[in-house]
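Comments concern the structure below.
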Amino acid sequence: GKSMATTERLGPSRTRRNSHKNILTRIRHGQISGGGLSRGTEMSEALLQERDQQAKWHGIPVMLQRLYDSSHLNSDLSQIHSIIKEVASCLSMEAMSFVTEDRRTAQESTSPNTYTFDLFGGVDLLVEILMRPTLTTQTNFPKMSDDLVKDCLSVLYNCCICMEGVTKSLASRDDFVMFLFTLMSNKKTFLQTATLIEDILGVRKEMIQLEGIPNLPSLVQSFNQQQLANFCRILSVTITEPDLGNDDKHTLLAKNAQQKTNLCPSHSEVNQVALLNIPGFIERLCKLATRKVSEASGASSLLLELQDWYTLLDNALVLDALMQMATEDAEQSSTESPDESSLVTSPLRHSLPQSMKIVHEIMYKVEVLYVLCVLLIGRQRNQVHRMLAEFKLIPGLNNLFDKLIWRKQTSTHVLHGQNQNCDCSPEISFKIQFLRLLQSFSDHHENKYLLLNAQELNELSAISLKANIPEVEALVNTDRNLICDGKKGLLTRLLSVMKKEPAESSFRFWQARAVESFLRGSTSYADQVFLLKRGLLEHILFCIIDSGCKSRDVLQSYFDLLGELMKFNIDSFKRFNKYVNTEEKFQTFMTQINSSLVDSNMLVRCIILSLDRFESQTDDVRVVEVLSECSLLSYMVRVENRLTILFRLVNIINVQTLTQENVSCLNTSLVVLMLARRRGKLSFYLNALREKEYTEKYPGCLLNNFHNLLRFWQRHYLNKDKDSTCLENSSCILFTYWKETVSVLLDSDRTSLCAIASYIDEAYMDLGRDFLEV
């Protein structure tokens, strides 16, 4: 207890050099065990001062002792404030140097003051001071000023920057986290609060429940647009599944096992619903996403143009804080003589350059688009779609495209894998976020036609009319009041920048994904022709064959796009033939395809499906002509080429390594076998697989693997949640035929010529029987 701590002397038998170490040991021990000293403030000031110099504590424990003694509900707040200011100046330099030196793993040695402050209970004491008013029923105590609250929050934030342990311990206190959200309703302390919350939520083990925030709807409705944008930054952590970034890389076995355990909606899904239930929330986000830079207000008129600060500007909050400082400083200097020690000397104050305003606005938009994107792919997808259409998000973005979104060639950006979280410049993140939003918006959804303007929609109708095919229903149903206006729609603007993109630019991956999602779903001839007329096929072939592109991500997205563009489309194959007009070009193309079937198998699937359809249309002269002339189709006609592809597809994968990305290899191999089955050739293919095994001296290996894969396929796709319409739309083969074919192949009757089991010798049968029991 306190009396013991003040009377206990350090005996002379200890060497003086280590005595401060013993105090530390005892405090740490007390904090862990709950006995003894629980905070440094339980020691006498004399003792603390005596140790201070040797321990290089810079007077921090003494300050905390004073703070502790003077902090009671009815105490003089100005005294508390002056001590906190003193503490702040000891800690802020450490935080600054920490940020500028790149946040390494925090070490005590790099931030000794912060470490001492935490060790002697400073963090807990500040939390206590902040929260004390909410924990009392007493009503007439002095109210903390905004400045005092701000300074407390800044000290806590500085501690979080320097010591991850502090961030984690604050994050584990639910009461404190919820309390911080209530502080956001005060405009004066909003920025400091938001910055601290963001840091805390980033390390929290359990996702916070937005429904638990007191009066969430009215809190959000009280925000101005600038605050709402910063709030989006905080929200992003609460609505994203943890680890979603690497979705393609998780094995399907693991994901299916996880889905079994998580039957109820996840925290993030519950949070998404909570947001959608806030009146006006989506409408305001659409306004933020589409407003022009000139419409953005806020304290943008002044800012310190200090180069060193520039490194900190990875965060809209930091920029806002700077602006706030600049404005407050301007207000102050007009009423009093400027303080000499102030960082802001008057010559540095001048109006904010336009480029800075743009960067600021872009930072907001990144956060807003991210939240919209997550909501678009969530369970409430259709509701969100309706709202985004109604609030004209797409035409709004279309109007910003030239001036803001793609305003100039950003210096070519080195390629990152699609899943790497890179802290690129705001401009780059903004472009990628914009492209991801377009991809999610048009993927398998009829609202995709909102990406066009009236003239372009008429062009689609004309293409259908000329080809004598009915217009797609979604096109007919598109509400013309909600589409793009201007000379070009968003899709055609995207195509024109895509063609100008440098070969190794990482935007190519996202651009191709966005255009591909426009084509996905049931194949629409008019959509394909619309893009063909704009030279898309030649652009893709140039990239694959002539540009020397080596990036697997970019190639994969271009192969997928090419598949969607060519599927069942005679014109595409004619154009292909015209471009790939030498044996050398054709070989280069095939080498690119064969270098990674995981990347190119969707394209291979489209070619095989198209060939199958063309072979049934030989009464059409144009089809006959293309079949005889096109090098690509002639290649796929040859059974040995199709078999080689089949061997490789089955060999690339096994059940343990299946992911969202490579499961397409399994589906492509099934397409090959379904088409064979339709033509009564299934036994021929299975026999060929068996012969391949024997020549490779691995009897049973390929076929057992394939048998296991198909058993997994049944478990995976016959699951109630699984969306089989995607398989059906992309192949134009009814899902019932997929299911039947798999059942026939898995038949245990060894006399059936279509059952895999008939082709594996008894001795080699079922080497991998128990993988599914995992």
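Overview of results
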read-out	value
Full-extension gain in nm, Glu390 to Ala257, via 0.36 nm per residue minus C-alpha separation	44.0 nm
Accessible surface of segment 582-664 [probe 1.4 Å, protein heavy atoms]: carbon and sulfur percent	50
Using a Förster distance of 51 Å, the FRET efficiency for Ser743-Ser294 (Cβ separation, nearest 0.05)	0.20
Cut-off 20 Å, label 7 Å out along Cα→Cβ of Glu269, residues of segment 371-388 by amide N	371-386
Carbon/sulfur fraction of accessible area - segment 432-479, other protein chains in place, 1.4 Å, %	48
Apportionment of accessible area to carbon and sulfur, segment 676-773, percent (1.4 Å)	51
Formal net charge of residues neighbouring Ala88 (Cβ-Cβ distance under 14 Å; K, R +1; D, E -1)	-2
Mean Cβ neighbour count within 10 Å, used as a protection proxy, ranking 164-175, 204-215 highest first	164-175, 204-215
Peptides ranked, highest mean first, by Cβ atoms within 10 Å: ranges 704-710, 550-556	704-710, 550-556
Nearest-10 value in Å² for the accessible area of Thr695, using the 1.4 Å probe	100
Gln455/Arg379 FRET efficiency (R0 45 Å; Cβ-Cβ; nearest 0.05)	0.80
3J(HN,Hα) from dihedral phi, segment 485-494, Karplus parametrisation 6.51/-1.76/1.60, rounded to Hz, x for glycine, proline	10, x, 5, 10, x, 5, 5, 6, 5, 4
Val374 accessible area, 1.4 Å probe, all protein chains in place, Å² to nearest 10	20
Å² of accessible area per residue within segment 548-597, as computed with a 1.4 Å probe and no ligands counted	37
Alpha-carbon Debye profile of segment 676-773, log10 I(q)/I(0) at 0.22 Å⁻¹	-1.19
Members of Lys85/Lys357; Lys292/Lys550; Lys205/Lys365; Lys499/Lys567; Lys205/Lys739 lying beyond 30 Å, as alpha-carbon distances in this model show	Lys85/Lys357; Lys292/Lys550; Lys205/Lys739
³J(HN,Hα), Karplus 6.51/-1.76/1.60, whole Hz, each residue of segment 692-697, x for Gly, Pro	4, 4, 5, 5, 7, 6
Gap separating the Cα centres of segment 585-626 and segment 507-529, nearest whole Å	18
Projected label distance in nm at Gln221 and Glu86, using a 7 Å step from Cα toward the beta-carbon	4.6
Segment Ala763-Tyr635, extension gain: residue separation times 0.36 nm, minus the distance between their alpha carbons	42.4 nm
Segment 676-773 - accessible surface per residue (Å², probe 1.4 Å)	53
Karplus (6.51, -1.76, 1.60) ³J(HN,Hα), θ = phi - 60°, over segment 448-463, in Hz, Gly and Pro reported as x	4, 6, 5, 6, 10, 9, 4, 4, 5, 5, 5, 4, 4, 4, 5, 4
Calculated FRET value between Leu718 and Arg407, using beta carbons and R₀ = 45 Å, to 0.05	0.35
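The values are calculated or read from the model by the stated rules, or taken from the named source; none is laboratory data. All of these numbers come straight from a predicted model, not from anything done at the bench. Note that each Cβ is placed from the backbone with ideal geometry, even for glycine, and that neighbours are counted across all protein chains shown. Keep in mind that these areas ignore ligands, DNA and RNA; they rest on the heavy atoms of the full protein, side chains included. Shrake-Rupley method; radii C 1.70, N 1.55, O 1.52, S 1.80 Å.
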